[in-house]
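In what follows, a single structure is set out as structure tokens and then discussed.
Please treat every number below as a calculation from the coordinates, not as lab data. All values derive from a computational prediction rather than experimental measurement. Glycine gets a Cβ as well: all are built from the backbone with ideal geometry, and neighbour counts include every protein chain shown.
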Amino acid sequence: MRVVGGAATIEGMRKLLLCVAFGAVFVGAPAAAASPTVRLAIIHVMRGCHVWGTVDSSPLGASRTITVTRGTRLQIRVNCPMAFDIVQIAGRKLALGPSRWQPGTSHTLVFQIRGVFKLQAKNVQSSEEMGLATLGPDNTLVLTIRVR
């Protein structure tokens, strides 16, 4: 850069600041755009027919509370062989998609605001109707999501 009076220095500084600003935006954008994804499943078990579980089928129980940060995506897969009616019983309205979730489907919810959300999943068919061997009555699943 060639200095002629003070004008070239000011123009050069403006270009440098502009480049630094654009660089900061593009470096920060991938981190801001990437949101964590939590994966859960509805799985079949002997006692109670179904529970919340991990995607590798480790049972977590009929009632589960998770805490996530804003922007988190929650992906729920129905690994149990029966359909479930899903209703939201607490929190600001979420986009749940269809109210009946079918076996083998995955549903993704995104939590953009802070608060406490609660979902209830109730099986449509009984374990007896599906020919599944279970012990005790079928569980009604409750999932509480705390968004910080």
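Annotations
- Cβ-placed point charges (K, R +1; D, E -1), dipole of segment 37-147 about Cα centre in debye, nearest 20: 700
- Segment 37-147: relative contact order in percent, alpha carbon pairs under 8 Å with at least 6 residues between: 34
- Take the Cα of S106, go 7 Å toward its beta carbon, and the backbone nitrogen atoms of segment 43-66 under 13 Å from that spot belong to 55-56.
- The local environment of R148, defined by Cβ-Cβ distances under 14 Å, has a net charge of +3 under the rule Lys, Arg +1 and Asp, Glu -1.
- Relative protection proxy for 63-71, 44-52, from highest mean packing down: 44-52, 63-71 (other beta-carbon atoms within 10 angstrom).
- Considering only segment 37-147, percent of DSSP beta bridges that pair antiparallel, nearest 5: 65
- Extent along principal axes [Cα atoms of segment 37-147; Å; largest to smallest]: 41, 25, 21
- In percent, rounded to a whole number, the relative contact order of segment 94-148 is 41, using alpha-carbon pairs under 8 Å and six or more apart.
- Rough spin-label spacing in nm, given labels placed 7 Å along Cα→Cβ, for Q120 and S35: 2.6
- In nm, spacing of pseudo-spin labels at T67 and D85 (7 Å Cα→C-beta vector): 3.4
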